[in-house]
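Every number in this text was worked out from the coordinates using simple rules, so none of it is lab data. Just so it is clear, the structure is predicted and the values come from calculations on it, not from any experiment. Reconstructed Cβ throughout: ideal geometry from the backbone, glycine too, with neighbour counts over all protein chains shown.
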């Protein structure tokens, strides 16, 4: 088995390769959740069934979980962490187009810390 620095750093947070993939897949659903919440919010009050209302509540909890993990990591980086983890935006894009003012290594460390916080909250 070859040595992988990223996996080693994730292991320092108690996150296995499979757990990391699971957390990434969880985060990648974030845009879909926001879309579904927005479309349900546009409906007239009382038009949702009990099942739909329960699903909407679960989606709001998941969105809040991702946002809280980003906030707990570092409030100033919350938007960048969400873009990186949930929208697959690269460091280069965040740095060049969105104005992220930190090194790639430092941001990667914060991203791993974000996944640690999310892992603690996510079952």
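Table for the structure above
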quantity: Residue among 86, 97, 27 with the largest mean-square fluctuation in a Gaussian network model of the chain, springs linking Cα atoms under 10 Å; calculated: 97
quantity: Residue with peak Gaussian network fluctuation, the chain [Cα springs, cutoff 10 Å], from 13, 80, 93; calculated: 93
quantity: Over the chain, volume per residue of the alpha carbon convex hull, in Å³; calculated: 120 Å³
quantity: Residue-averaged 222 nm ellipticity for the chain, from DSSP H runs of 4+ at -39500 (n - 2.57), nearest 500; calculated: -23000 deg cm²/dmol
quantity: Protection proxy ranking, peptides 116-122, 14-20, average beta carbon neighbours within 10 Å, highest first; calculated: 116-122, 14-20
quantity: Relative contact order of the chain, defined on C-alpha pairs under 8 angstrom at six or more residues apart (%); calculated: 33 percent
quantity: Computed lengthening from residue 58 to residue 36, 0.36 nm per intervening residue step minus Cα-Cα distance; calculated: 6.8 nm
quantity: Calculated FRET value between residue 97 and residue 75, using beta carbons and R₀ = 22 Å, to 0.05; calculated: 0.55
quantity: Nearest-ten-degree value, helix 30-41 long axis tilted from longest Cα axis of the chain; calculated: 20 degrees
